[in-house]
Amino acid sequence: MAARILLLPGDGIGPEVTGEARRVLEHVADRHGLALALEEGAIGGASIDACGEPLADAVLERARKSRAVLLGAVGGPRWDELPVDRRPEKGLLRIRKELGLFANLRPASVFPALASASTLRPEVVDGIDLLVVRELTGGLYFGEPRGTALVEGRREARNTMVYDETEIARITRVAFDAARRRRSHVTHVHKANVLEVSQLWMQVVDEVAGDYPDVELAHQLVDSCAMLLVRDPRRFDVMVTGNLFGDILSDEAAMITGSLGMLPSASLGEGGVGLYEPVHGSAPDIAGQDRANPLAAILSVAMLLEHSLDAAAAAAEVRDAVTAVLGAGHRTGDLLLEGEERPTLGCRAMGDRVLEALS
Ligand code: NAD
């Protein structure tokens, strides 16, 4: 039976970059004999314009019945005046919540041709290939009690960091499974010297690690981890951590690589549907001008192939094609270094180059 893939292009440059990602997915599926049924739906501003809500129930139902969702980006100035609960971003938050996506995977790797785009020295970034696995639905961002109050005449605010062992164990398994497909090393990032929550994480991560004797495990304090990430990022393979630390470290890791237009992500859940999307937003400043870099969306396709279609070889081909295109000197405008002068490609032409490299 064909695996159903739902494309939700969204707003701004979303349709442009998902258009190129779709062409790559179709091409690779064809080559590898993967039977796919691709469908499209609306999310974000596009959905608000079509039906008044940022995510229609019918689209959500189609997402639930899909193997994977490939999303572009949502949002833009046109919808900025709407009340918060009716804005495009609500569509994104809703689909993540309804699909129970508790694991966010953000790889950060440096393509050799782009090593000089990093703010770090090329010899430090050359060869970085790490994956941050962040718990997405628990921890400090969701814990109760929370809120603000006036206590003895002073304003006070409170948030609660709470995790139970099942939440920790399931995200840890995602990390160890991913490590098995990579270099078999997991770093658990914590603050166990001051937080009881982190002490529980240490115990549960150790317990889960017992099921993965072939994967090496290290525990690393979050503060020293943040330093190591800029001093010696190549030491990391898979990092696993809670929502708060993961939020910060995944952005730090991403920026080491230099460019927003190159960063894919995956969110996985218990229902078996994976959601794949570039890290960047809808870039309204360049939307509709054929100037967007489609490589983050194309690399999201590689993650989809790997995690939802169990097609690691096809995923590697996509990544290799991107590496080859960059190695040949092709660039979209966002990838030019300051002062660098060379012709740039539009979104469509960059998609063409990747397809050529694949064939
Ligand atoms: P952004 O990521 O859209 O853009 C930041 C800058 O990076 C812009 O100058 C943009 O032109 C550039 N850029 C981003 N992606 C690029 C690409 N693929 N190729 C070339 N250049 C690219 O962030 P923003 O400007 O803060 O937000 C714009 C809109 O996107 C807002 O409405 C915001 O809410 C939304 N947003 C959505 C998501 C999402 O859908 N996941 C994420 C972040 C922001």
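Exactly one residue out of 56, 115, 63 is within 16 Å of the ligand (Cβ to nearest atom) and of a type in the set (Gly, Ala, Ser), and it is 63.
Filtering region 164-174 to residues that are touching a Leu at 6+ places or on another chain (Cβ under 8 Å) and either under 25 Å from residue 130 (Cα atoms) or assigned to a strand (DSSP E or B) (or both) leaves 168, 174. Looking only at residues of region 175-195 that are assigned to a loop (DSSP other than H, G, I, E, B) and within 20 Å of the chain's Cα centre (by Cα), we find that the one that is surrounded by the fewest Cβ atoms within 10 Å (Cβ to Cβ) is 181.
Can you name the residue in region 322-336 that is more than 16 Å from the ligand (Cβ to nearest atom) and part of a helix (DSSP H, G or I) and, of all such residues, is nearest to residue 263 (Cα to Cα)? Looking at the filtered set, the residue picked out is 323. Would you confirm whether any residue within region 270-279 is more than 21 Å from residue 163 (Cβ to Cβ) and modelled with pLDDT under 95? Checked against the condition, which is being more than 21 Å from residue 163 (Cβ to Cβ) and modelled with pLDDT under 95, region 270-279 yields at least one hit.
Scanning region 247-257 for residues that are crowded, with 22+ Cβ neighbours inside 10 Å and within 16 Å of the ligand (Cβ to nearest atom), which turns out nearest to the chain's Cα centre (by Cα)? The qualifying residue nearest to the chain's Cα centre (by Cα) is 250.
Look at residue 106 and say whether it is in the same structural domain as residue 329 (by TED's automatic domain parsing) and assigned to a helix (DSSP H, G or I). So residue 106 fails the test. How about region 270-321: which of its residues are crowded, with 18+ Cβ neighbours inside 10 Å, away from the ligand (no atom under 16 Å from the Cβ) and not hydrophobic (A, V, I, L, M, F, W, C)? Once the filter is applied, which keeps residues that are crowded, with 18+ Cβ neighbours inside 10 Å, away from the ligand (no atom under 16 Å from the Cβ) and not hydrophobic (A, V, I, L, M, F, W, C), region 270-321 yields 306, 307, 308, 317, 319.
Residues that are surrounded by fewer than 19 Cβ atoms within 10 Å (Cβ to Cβ) and near the ligand (Cβ under 8 Å from one of its atoms) were ranked within region 80-95; the one that is farthest from residue 10 (Cα to Cα) is 80.
Applying the condition of being touching a strand residue (DSSP E or B) at 6+ places or on another chain (Cβ under 9 Å) and assigned to a loop (DSSP other than H, G, I, E, B) to region 70-79 and asking which residue is farthest from the ligand (Cβ to nearest atom) yields 74. Filtered by the rule that a residue be more than 17 Å from residue 243 (Cα to Cα) and outside any strand (DSSP E or B), region 146-163 gives 152, 153.
The values are calculated or read from the model by the stated rules, or taken from the named source; none is laboratory data. Everything numeric here is computed off the predicted structure, so don't read it as measured data. Ideal geometry is used to build each Cβ from the backbone, glycine not excepted, and the neighbour counts take in all protein chains shown.
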